[in-house]
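Since the structure comes first, as structure tokens, the remarks are kept for the end.
Nothing in this text is a laboratory measurement; each read-out follows from the coordinates by a stated rule. Keep in mind that what you see is a predicted model, and the values were worked out from it rather than measured. For neighbour counting, all protein chains shown are included, and Cβ atoms are generated from backbone atoms with ideal geometry for every residue, glycine included.
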Amino acid sequence: MSTATSTPTGTGSEPGRKPAHKGGTTSKRGRVQQRWLPWAFLAPTIVGMGIFTLLPIVASIALAFFRWDIISAPTFVGFDNFAEVVQDPTVRVSFLNTIVFVVVAVALQLGLALGLAIMVQEKLPAWLRVFFRSAFFFPLILSAASVSIFMRYLFNEQFGVVNWMLSLVGIPAVPWLTTPGGSAAVVILVYVWQNFGFSFLLFIGGLASIPVETYEAASIDGATGFRKHFYVTLPLLSPTTLVASVMAIINALQVFDQPYVLTRGGPGDSTRTAVMVIFESAFQRLEFGQASAIGVILTLIIMAITAAQFRLSKRFVFYQ
Amino acid sequence: MTTIQERVTTTAPIVTRKKRDWSVAVRVAVLLIASVFVLGPVLWTLSTSLRPPSESFKLPPAFLPLNPDLTSYTQVFKQLNIVALVVNSALVTGLIAVGQMLTAALAGYAFAHLRFKGRGALFSIVLATMMVPAQVTIVPVFMLIRGVGLSDTLLALIIPAIPTAFGTFLMRQYFMGLPGELAEAAAIDGASPWRTFRSVYAPLAMPGLAIVGILAFNFHWNEFFRPLIMTISEQNFTLPLGLVSLQGNLGTGSISVVLAGVVLSMIPALVVFMFGQRALQDGLTAGTGK
């Protein structure tokens, strides 16, 4: 990567120097332009990100140490916000819910995506492959809010299509959205339904990069079907699996739209998530300091998981 | 020697082909069932929206819109100011997409082809900001917006979303794929660095810009969290927010009306899906490769 960057700039700076032979004015103008020009190109992005990303990050950390309801002046409270947040039963339950959600949803998402990707990538008529790829990708273009709207009807206990289908195979009506377990299941199913296509795409890309010769060698050695995938596909796919799992976990940790529209976090606190608690404490209870403290904790968890995954990967990921 | 080779080439394919025919059928069956589960809910939404509101909860469900009835579509225009929602969503999404394309093209070009002090460090900072979840920065951004008097406006949604780390990253990769010799040639022809960018590099980077635009469109057209926080009055709602509040306002009696709104809100996304699916897929998975 470093060679790729140095080549174009190395050659690009030369024409700026060459006109020096022609006359003093042009070279001076050229050099002055060269110095401020990159910053003119960068200004919109750098200034914008400074104001809307970097400053808010610093402000968010600082705010976590203050009590502020916007109306009165902020007061410094040290680690009080963190202490309160850690002891708050709703916050605790919400973080626990989020962790359970992440574990189950990510496992389902990756398992489903990997299985389907292997099936699509093997010998198949081209038009069918295109159809399946498009079909599994399709939910990604929809809004999570819209999806949750129609899924709420489909999971309706009395009139929903899901319970109707279950009744066909003799399963009695499941109280999906009125019980804690049912609600959690719906949030997970709806989330996985919409997002597995992203992991599926990543796995398709990863599978395509495994050389055909590897499989040919494996089949000469007698590996077929499941054994072939277990001993060849999985190890060679591990870099993709790492990326797919990191991205799936980071996204799942921030789940908000689905539980907000499907259940509003209920019944009770059974489907309340970490981001929902941030939203509620900031914009419904106006406890901006506490909201920031929860946000800081969530960010630290995300960073720790990302770091841990990359450390683990050194042991398990097989790079060709 | 020759006998062994003959045996390998003659017997092996027959065995695997027979096995394959059977396994292909099983695979197609499993994949078809999976696609029914993926597409079924969408088809149900479409067909239910095309039925009279009184038949919303008809069981067994209809997955195909036979005998379409447009009552729900006329109702959704009456019960929801859907024109305003569409205009708001289009304005917000369009301006963010154009803004991201412009700023990302400029910054990406600078990171790829211009030389300046601290380039590597600055680019690392840009990349690092991609890891910070939007929910963490939303509180200070909300206060900032409120402080400058922009709360409950569409600008509150547009302006903070324009600087894009991911778009900048994508455009840098794209510009790095274009040879630096182009700048050399342009300079010999007497083009200023701005002209070089404007007339030589930017036109060649159009496919990359299209990816940035499509990604921005897909994300912000569907966005729910920021509009929920940044807008208060209904006249500033975007489509997803308007539809969720419609579902909350109406009882279960007029499901098909809500679903008609959902279907209408999907149309632009469908257009993108049909014409820009490849670009969207490439963009979503960009930067995840080895």
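Overview of values
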read-out: Over the range B:32-73: Kirkwood hydrodynamic radius from C-alpha pairwise inverse distances, Å; value: 10.6 Å
read-out: Angstrom value of the Kirkwood radius, inverse mean 1/r, which spans all Cα pairs in chain B; value: 23.2 Å
read-out: Calculated P(r) tail over 42 Å for the protein assembly as shown, as whole % of Cα pairs; value: 31 percent
read-out: Translational diffusion coefficient (Stokes-Einstein; Kirkwood radius from C-alpha pairs) of chain A at 10 °C, 1.306 mPa s, in µm²/s; value: 66 µm²/s
read-out: Set of aspartates and glutamates with alpha-carbon distance to B:Lys78 below 20 Å, sequence-local pairs under 8 removed; value: B:Glu55, B:Asp69, B:Glu234
read-out: Helix runs (DSSP H) in chain A reaching 18 Å along axis by Cα, Kyte-Doolittle at least 0.5; value: A:89-121, A:180-208, A:234-253, A:288-316
read-out: Rg ratio (alpha-carbon, reference 2.2 N^0.38 Å) - the range A:209-259; value: 1.65
read-out: Mean Kyte hydropathy of 0.0 or more with a Cα span along the axis of at least 30 Å, helices from DSSP in chain B; value: B:2-49, B:82-113, B:255-285
read-out: Local electrostatic count, A:Gln290, Cβ distance below 14 Å [Lys/Arg +1, Asp/Glu -1]; value: -3
read-out: Debye log10 I(q)/I(0) at q = 0.12, 0.17 Å⁻¹ for the range A:57-133, Cα point scatterers; value: -0.62, -0.81
read-out: Neighbourhood charge, 13 Å Cβ-Cβ cut-off, centred on B:Val200 and excluding it, Lys, Arg +1 and Asp, Glu -1; value: -1
read-out: Cα-projected label distance for A:Asp221 with B:Phe77, points at 7 Å along beta-carbon direction, nm; value: 6.6 nm
read-out: Dipole in debye (nearest 20) - chain B, about Cα centre, beta carbon charges: Lys, Arg +1; Asp, Glu -1; value: 740 debye
read-out: Ranked A:Ser143, B:Ser72, criterion: other C-beta atoms within 10 Å, fewest first; value: B:Ser72, A:Ser143
